[in-house]
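**Student:** Here it is, the structure in full.
The values are calculated or read from the model by the stated rules, or taken from the named source; none is laboratory data. In this text, all values refer to a predicted model and were calculated from it rather than measured experimentally. For neighbour counting, all protein chains shown are included, and Cβ atoms are generated from backbone atoms with ideal geometry for every residue, glycine included.
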Amino acid sequence: MSPDRPAASPGTTPARPQGWAEHELLVIQGAVRMLGRSLDPAPAIREILHLASEFLGLNRGRLVLWDETRGALAIRHSYGLTREEAAAGVFAPGEGVTGGVYLTGEAAVIQDVDAEARFLFRSVPRHRLPPETVAYIALPVLHDARVVGVLGVHRLRRRDRGLAEDLRLLGILVALVGQLLELERHVAARTAALERENRALKEELERAAATAHAAGIVGESPALLAALRQIERVADTDATLLLLGESGTGKELVARAAHLMSRRRDRPFIKLNCAALPETLFEAELFGHEKGAYTGAAGARAGKFELADGGTLFLDEIGEMPLALQAKLLRALQERVVERLGGHRERPVDVRIVAATNQDLQARVQAGLFRLDLFYRLNVVPLTLPPLRDRQADIPALVRHFLNRFNQQHQRAASLAPAAMADLAAYAWPGNVRQLQNVIERMVLLQPDTRALDREAVLAALAAEPASPPAASPARRPAGPRGYRYVAEDERPRIEAALRETHGNKSAAAQRLGLSLRQLQYRMQILAIPG
């Protein structure tokens, strides 16, 4: 800490002689002009010292401040001193004239430095000063009645200007220097605070990105990092998280990342796709059932809520939940208890809910397909995930990620030509990350030889995608055939089988077939499969 001391007034002087008023005015005007030119006080302080030297003959000016690293007073700014002379100006509080002014807060006017025992000649040896009577003036620099530094100048004693006049003018300059130092202190404090905030934000983003990577999320675009930052802020709470956004934006991966960031990370992460179950089995799947609760219930079984006890339950496609089940879900969320189908005992559960949908839940509420009270219960922390077209900077990393995965999975060694990567990065990706993943896998599987996948391979893979306009303004698309797909007749049996197995639930059938709902509907249309 700086050993600041209370300041005393330097006193007043008689009226000044004629001839110096214009010079004083020029010095003060120049000093004031410098105040607003920069947040860095160094140039302004040096200019003040320069003006005082040039116009008034107050030479070898220096500003001495407390140096925390040295634990002493040191010259911070100067004019008329060499670098070596300035470096030599180090004083303990109370040492010499400068240290005395700092310690007592009283101005010092030395009529003759040769006659003053306290004058140490530490910065400028006597033989470097003019061979005549040299005076020295030192004033305390104040802030909030505390001494924060000392402004000192030499002058020749023989000048036809009184020392009292110099003392009065230096008092004005010292006040300006004090303002500059206070501005510097405020700027430094604000800069330090911003640096701390930036470090904290960087560490927060790094933690979120590391956890996201562990959950399988690839990318570092600003849109993605902003979403991850929001997730980290609420991850360690029990607040319900509602993930919104287009199909294929990675809601399940984000839900898993939220689980891994939370204090529930060591407990189960259970997921349920609300679009993949027929209504008749939904309640038993969600809440469990007792033996004999319905035909085929040969034994008791815990539902998703019980399995997720202590952990996280991810309800995907929540907008597809049957209306009759929504009231029971709302009760489970509010009361934190579940009752198995066919049972009569309430079971307490401690579950954090993460729900997801690509639908407009408010529109479904207005259409009478979703309960308003359940919507409010789920919409505690809504988070919209960015579509891939808003994360174009992430596309190269995603392409490399999927290329590596499918090369390992299918025992291939496919690589990608630079032009092909540029085409993939320029595509609009209406199906988002899921569509990109499908296209990369198709390219790897259809690679005919060891040549790098080129633009032709990209066009062929994209041409196999069903026609579907992007949900927002389209990005650039590679030139070439697109928007149609040759659907083979031999796909009919597996599509019909999937529809039978899911009791006509197209979302569930598409999931079994590894297709998006749009892709399944396109194939059903081409093959004239009813449904």
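**Student:** With respect to Glu290, determine if the residue is more than 26 Å from Asp373 (Cα to Cα) and either buried (at least 17 other Cβ atoms within 10 Å of the Cβ) or free of Cβ contacts under 8 Å to residues at least 40 places away in the same chain (or both).
**Tutor:** Considered against the rule, which asks whether it is more than 26 Å from Asp373 (Cα to Cα) and either buried (at least 17 other Cβ atoms within 10 Å of the Cβ) or free of Cβ contacts under 8 Å to residues at least 40 places away in the same chain (or both), Glu290 comes out as yes.
**Student:** Can you confirm whether the range 257-267 contains a residue that is at pLDDT below 90 and acidic (Asp, Glu)?
**Tutor:** The answer is no, given that none of the residues of the range 257-267 is at pLDDT below 90 and acidic (Asp, Glu).
**Student:** Looking at the range 398-406, is at least one residue outside the structural domain of Gly250 (by TED's automatic domain parsing) and touching a residue at least 60 places away in the same chain (Cβ under 8 Å)?
**Tutor:** yes
**Student:** Return yes or no: is Arg256 surrounded by fewer than 21 Cβ atoms within 10 Å (Cβ to Cβ) and in contact (Cβ under 8 Å) with a residue 12 or more places away in the chain?
**Tutor:** no
One line per residue, one yes/no per condition, for (1) surrounded by fewer than 19 Cβ atoms within 10 Å (Cβ to Cβ); (2) closer than 23 Å to Ala463 by Cα; (3) at pLDDT below 85:
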site: Asp490; (1), (2), (3): yes, yes, yes
site: Arg494; (1), (2), (3): yes, yes, no
site: Ala497; (1), (2), (3): yes, no, no
site: Arg500; (1), (2), (3): yes, no, no
site: Lys506; (1), (2), (3): yes, no, no
site: Leu513; (1), (2), (3): yes, yes, yes
site: Leu517; (1), (2), (3): yes, yes, yes
site: Arg523; (1), (2), (3): no, yes, yes
site: Leu527; (1), (2), (3): yes, yes, yes
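**Student:** Name the one entry in Asp309, Asp236 that is farther than 26 Å from Gln362 by Cβ, within 39 Å of the chain's Cα centre (by Cα) and surrounded by fewer than 16 Cβ atoms within 10 Å (Cβ to Cβ).
**Tutor:** Checking each option against the conditions leaves just Asp236.
**Student:** A further question follows. Enumerate the pairs (first residue in the range 229-250 and more than 15 Å from Thr312 (Cα to Cα) and touching a residue at least 60 places away in the same chain (Cβ under 8 Å); second residue anywhere and surrounded by 20 or more Cβ atoms within 10 Å (Cβ to Cβ) and of a type in the set (Ser, Thr, Tyr)) with beta-carbon separation below 9 Å, excluding pairs fewer than 6 apart on the same chain, so at least 6 apart or on different chains.
**Tutor:** Leu244/Thr357; Gly245/Thr357; Ser247/Ser516; Gly248/Ser516
**Student:** Taking Ile45 as the residue in question, decide whether it is in contact with a His (Cβ under 6 Å, 6 or more places away or on another chain) and assigned by TED's automatic domain parsing to the domain that holds Asp160.
**Tutor:** Yes; evaluated as a whole, the condition is true for this residue.
**Student:** Answer yes or no as to whether Arg267 is over 26 Å from Leu398 (Cα atoms), touching a helix residue (DSSP H, G or I) at 6+ places or on another chain (Cβ under 8 Å) and assigned by TED's automatic domain parsing to the domain that holds Leu224.
**Tutor:** For Arg267, the condition - over 26 Å from Leu398 (Cα atoms), touching a helix residue (DSSP H, G or I) at 6+ places or on another chain (Cβ under 8 Å) and assigned by TED's automatic domain parsing to the domain that holds Leu224 - is not met.
**Student:** Right, here's the next one. Would you please name the residue that is surrounded by the most Cβ atoms within 10 Å (Cβ to Cβ), looking only at residues in the range 97-155 that are of a type in the set (Lys, Arg) and more than 17 Å from Ala52 (Cβ to Cβ)?
**Tutor:** My answer is Arg122.
**Student:** Another question, then. Could you say which residue among Ala417, Ala363 is over 21 Å from Ile231 (Cα atoms), of a type in the set (A, V, I, L, M) and modelled with pLDDT under 90?
**Tutor:** Ala417
**Student:** Give the number of residues within the range 332-360 that are within 37 Å of the chain's Cα centre (by Cα) and under 20 Å from Asp238 (Cβ atoms).
**Tutor:** Final tally of qualifying residues: 13.
**Student:** Residue under question is Gln179, and the condition is that it be closer than 30 Å to Asn358 by Cβ and either among the charged types (D, E, K, R) or not in a loop (DSSP other than H, G, I, E, B) (or both); does it hold?
**Tutor:** Answer is no for this residue.
**Student:** So in the range 62-83, with the set limited to residues that are charged (D, E, K, R) and either under 13 Å from Val148 (Cα atoms) or in a strand (DSSP E or B) (or both), which one is farthest from the chain's Cα centre (by Cα)?
**Tutor:** Arg62
**Student:** So, in the range 361-402, of the ones that are part of a loop (DSSP other than H, G, I, E, B) and of a type outside the set (A, V, I, L, M, F, W, C), which residue ends up surrounded by the fewest Cβ atoms within 10 Å (Cβ to Cβ)?
**Tutor:** Checked the range 361-402; the qualifying residue surrounded by the fewest Cβ atoms within 10 Å (Cβ to Cβ) is Gly368.
**Student:** Just to check your reading of the model, which residue among Arg364, Arg377 is in contact with a helix residue (DSSP H, G or I) (Cβ under 8 Å, 6 or more places away or on another chain), in the same structural domain as Leu228 (by TED's automatic domain parsing) and over 17 Å from Leu241 (Cα atoms)?
**Tutor:** Of the residues listed, the single one that is in contact with a helix residue (DSSP H, G or I) (Cβ under 8 Å, 6 or more places away or on another chain), in the same structural domain as Leu228 (by TED's automatic domain parsing) and over 17 Å from Leu241 (Cα atoms) is Arg364.
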